[in-house]
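Worksheet: the structure to be examined is printed underneath.
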Amino acid sequence: MSKPWTKTRKRAISSLITLGFLVVVLLVMNVLIQLGLVNAGVVDMLKFIGINIIAAVSLNMVSGMMGQLVLGHAGFMLVGAYAAAMFTNAVGWPLTASLTPALIIGGLLAAIIGFLIGIPALRLRGDYLAIITLGFGEIIRVIANSLTITNGAKGYYGFPTFSTRQDPATLFNFIFVIAAFVVFFSYTFGTSRHGRAVIAIREDEIAAESSGIRTTYYKLLTFTLSAFFAGVAGGLLAHQLGIIDPSNYGFSKSVEILMMVVLGGMGSITGSVVSASVLTFLPEVLRGFANYRMLIYSVLLICVMLFRPKGLFGRAELRVIKPYEWLRDRHRAKKAQKTGGGGS
Amino acid sequence: MYFLTQLLNGLGVGAIYALVALGYSMVYGIVQLINFAHGDIIMVGSFTVYTILSWNFPVPVAVMGSILFCAIVGMIISRVAYQRLLNKGAPRIALLITAIGVSMLLQNLYQLIYGSGAKAVPRMFDLPAITVGGVQISNTLLNIAVALVMMVLLQLMVGRTKTGKAMQATSEDAGAATLMGINTSRIILFTFAIGSALAAVGSVLYNNTYQQITPYMGAMLGLKAFVAAVFGGIGSIPGAMLGGFILGIAEGLNNAYGNSVLTDAVVFGLLIIILLIKPAGLLGKHVREKV
């Protein structure tokens, strides 16, 4: 009876529902925060979740969609963090005004570094790419540790931040909007012509190359984009914490983000979002077990890998349109039952 | 003279890297897995030595106990974690993540048992004092000698014995090796045991050289040893040894003449240079990818 929806219409409705949902969530959260119904700890938690979502979704573009294992993502975050913090520190504007350009600058610098690293690194594949990105990530950290402008191992601090007490909502809004944008961007990228080329590289690089896909171009493009968003995530993290300690941006941070991508399912954007949220939240829940926390965490990780190596979501995405369609169909079925009586 | 002693110091540290790199290289050669938990096996070995010595057993017992315990731990890890995934034909990245998980598990388990503080271990061997330019080098010489002996033994085992040939066959083509009647899963298990035992030997040298151990000591050491393995050409036994020594020397010279904060950057810088110039490593064979 009802005509099947065209793909465009489906997509439009889906996007509208998602957008509406996000706006409502953002408004509700703001009201709750202003009224003081959500305590600062919860808001902080949500901010960290948002930052990790940005980092995980950006890594997912390279590791999930393109299938290139990268172990130096935290290095790009560190570059973005320094650039953004130094910018807000140098211009001295109110942070609400200076944060956006600062994040863009942080992202751009990370992207430039990513581009420069990508040119030699992307010549390698698989494990070797993983090791070389690990190497570059560590080099970035070690250099940051030894420079004077970054204040070395003592950490860079003293740049403007939002007060968690008086103004918990502003940074939350920034993070929320940016995270939503990164997810949106990543999704449209993945379903575009570029995205299909990138997925072709993941499936079989040699076959992709012989079908006329410029593999080097797409690899560099994706790597640079991913570095850009990592830089933005780093800038946000710096302004949330108020200090940049290079030792927090080492190999273990890169692994942490990679885990979010892998557990969520390589190539699944919503998977990255869900697992970034869970993996940020879980350690807090397990804090009660203090000493056993990391132990449980690692056992959990091994078990997921053993019993579901594709990750929780595989390559599937959560879609808003699905429950909507389900509701609509149920509604129609009910209607048909009422009006149709016993007729066929 | 100063240069010479720094060079020898570097070689001493490099010997430890080399022993660990051998394990990485062997495991990678057989299952194409970067066994991130390998670095933590050294930590396990070090703590085993520490524990056995604290029970007042003599040093040889501690050394043998550590080697045995590490080999068993290596086999358990291989059986419980990696081989299931390998049998299922899971993607390589799943294996890698599992390895990282095992590494985290070992670190946190040992932190829980022994606490996170550094433990002091006694110097284990009484060596006749040999000095060059006023610097004690007997320990360094011991490290180098042990590493070289281990390498030669391993090379002989892989090249001459039946098991060694089976290992080569498995690394070349696991499917064909199975068809030839080689029990590949047993060979993989054996490889992990040998690799872990070598790590234990490395841990004994580590204890003797640094005399201080922590549950997290394996992470950086493991990474550097892996760099050494890649540098020398992964899958090649003399290559791992050469890579370890070169890395040790580079570190030693950097600490002597450069900025010691940048040591890790130098190590990874070397890795990047070799990967760009000769991705297969110094002594590795380049495998052309076929469609």
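The values are calculated or read from the model by the stated rules, or taken from the named source; none is laboratory data. Note that the structure is predicted; figures quoted are calculated from it, not measured. With ideal geometry, Cβ positions are generated from the backbone for all residues, glycine too; neighbour counts draw on all protein chains shown.
Considered as a group, the residues in segment B:267-291 that are within 18 Å of residue B:241 (Cα to Cα), more than 10 Å from chain A (Cβ to nearest Cβ) and modelled with pLDDT under 80 include one that is surrounded by the fewest Cβ atoms within 10 Å (Cβ to Cβ), and that residue is B:285. Within segment A:224-249, work out how many residues are farther than 25 Å from residue A:177 by Cβ and buried (at least 24 other Cβ atoms within 10 Å of the Cβ). So the answer is 1. Of note, residue A:40 does not satisfy the criterion of being more than 21 Å from residue A:246 (Cα to Cα), crowded, with 24+ Cβ neighbours inside 10 Å and at pLDDT below 90.
Kindly indicate the residue of segment B:199-256 that is part of a helix (DSSP H, G or I) and among the β-branched types (Val, Ile, Thr) and also nearest to residue B:8 (Cα to Cα) among those meeting that condition. Checking each candidate, the answer is B:249.
Checked against (1) under 23 Å from residue B:69 (Cα atoms); (2) touching a residue at least 60 places away in the same chain (Cβ under 8 Å); (3) not β-branched (Val, Ile, Thr), residue B:229 passes all but condition (1).
Considering the conditions (1) surrounded by fewer than 16 Cβ atoms within 10 Å (Cβ to Cβ); (2) touching a residue at least 12 places away in the same chain (Cβ under 8 Å), residue A:288 is excluded by exactly one of them, (2). Of all residues in segment A:10-27, those satisfying the criterion of being surrounded by 11 or more Cβ atoms within 10 Å (Cβ to Cβ), within 14 Å of residue A:176 (Cβ to Cβ) and modelled with pLDDT of 85 or more are A:19, A:21, A:22, A:23, A:25, A:26.
Quick check: is even one residue across segment B:113-126 of a type outside the set (D, E, K, R), at pLDDT 85 or above and in a helix (DSSP H, G or I)? Scanning segment B:113-126 turns up at least one residue that is of a type outside the set (D, E, K, R), at pLDDT 85 or above and in a helix (DSSP H, G or I). Right, residue B:228: within 25 Å of residue A:130 (Cα to Cα) and modelled with pLDDT of 85 or more or not? So residue B:228 fits the description; yes.
Scanning segment A:204-240 for residues that are without any contact (Cβ under 8 Å) to a residue 60 or more places away in the chain, hydrophobic (A, V, I, L, M, F, W, C) and farther than 22 Å from residue A:191 by Cβ yields one hit, A:206.
In segment B:215-266, of all residues being of a type in the set (Ser, Thr, Tyr) and closer than 19 Å to residue A:140 by Cα, the one that is surrounded by the most Cβ atoms within 10 Å (Cβ to Cβ) corresponds to B:263. Evaluated against (1) within 14 Å of chain A (Cβ to nearest Cβ); (2) buried (at least 22 other Cβ atoms within 10 Å of the Cβ); (3) small (Gly, Ala, Ser), residue B:90 falls short on exactly one condition, (2).
Only one entry of B:101, B:10 meets the criterion of being away from chain A (no Cβ under 11 Å), modelled with pLDDT under 90, buried (at least 17 other Cβ atoms within 10 Å of the Cβ) and not in a loop (DSSP other than H, G, I, E, B), and that entry is B:10. A single entry from B:67, B:76, B:52 fulfils the requirement of being without any contact (Cβ under 8 Å) to a residue 60 or more places away in the chain, at negative phi, assigned to a helix (DSSP H, G or I) and out of contact with any Ser or Thr (no Cβ under 8 Å at 6 or more places or on another chain): B:76.
Of everything in segment A:250-285, what is surrounded by 17 or more Cβ atoms within 10 Å (Cβ to Cβ) and aromatic (Phe, Trp, Tyr)? Give them in sequence order. If the condition is that a residue be surrounded by 17 or more Cβ atoms within 10 Å (Cβ to Cβ) and aromatic (Phe, Trp, Tyr), then A:251 is the only one that fits.
Within segment A:143-169, the set of residues being surrounded by 15 or more Cβ atoms within 10 Å (Cβ to Cβ) and away from chain B (no Cβ under 14 Å) comprises A:155, A:156, A:157, A:159, A:160, A:161, A:162, A:164, A:168, A:169. Scanning segment A:193-223 for residues that are basic (Lys, Arg) and either surrounded by 19 or more Cβ atoms within 10 Å (Cβ to Cβ) or within 24 Å of the chain's Cα centre (by Cα) (or both) yields A:193, A:196, A:202, A:219. Condition check for residue A:321 on (1) surrounded by 15 or more Cβ atoms within 10 Å (Cβ to Cβ); (2) at pLDDT below 75; (3) within 14 Å of another protein chain (Cβ to nearest Cβ): one failure, at (3).
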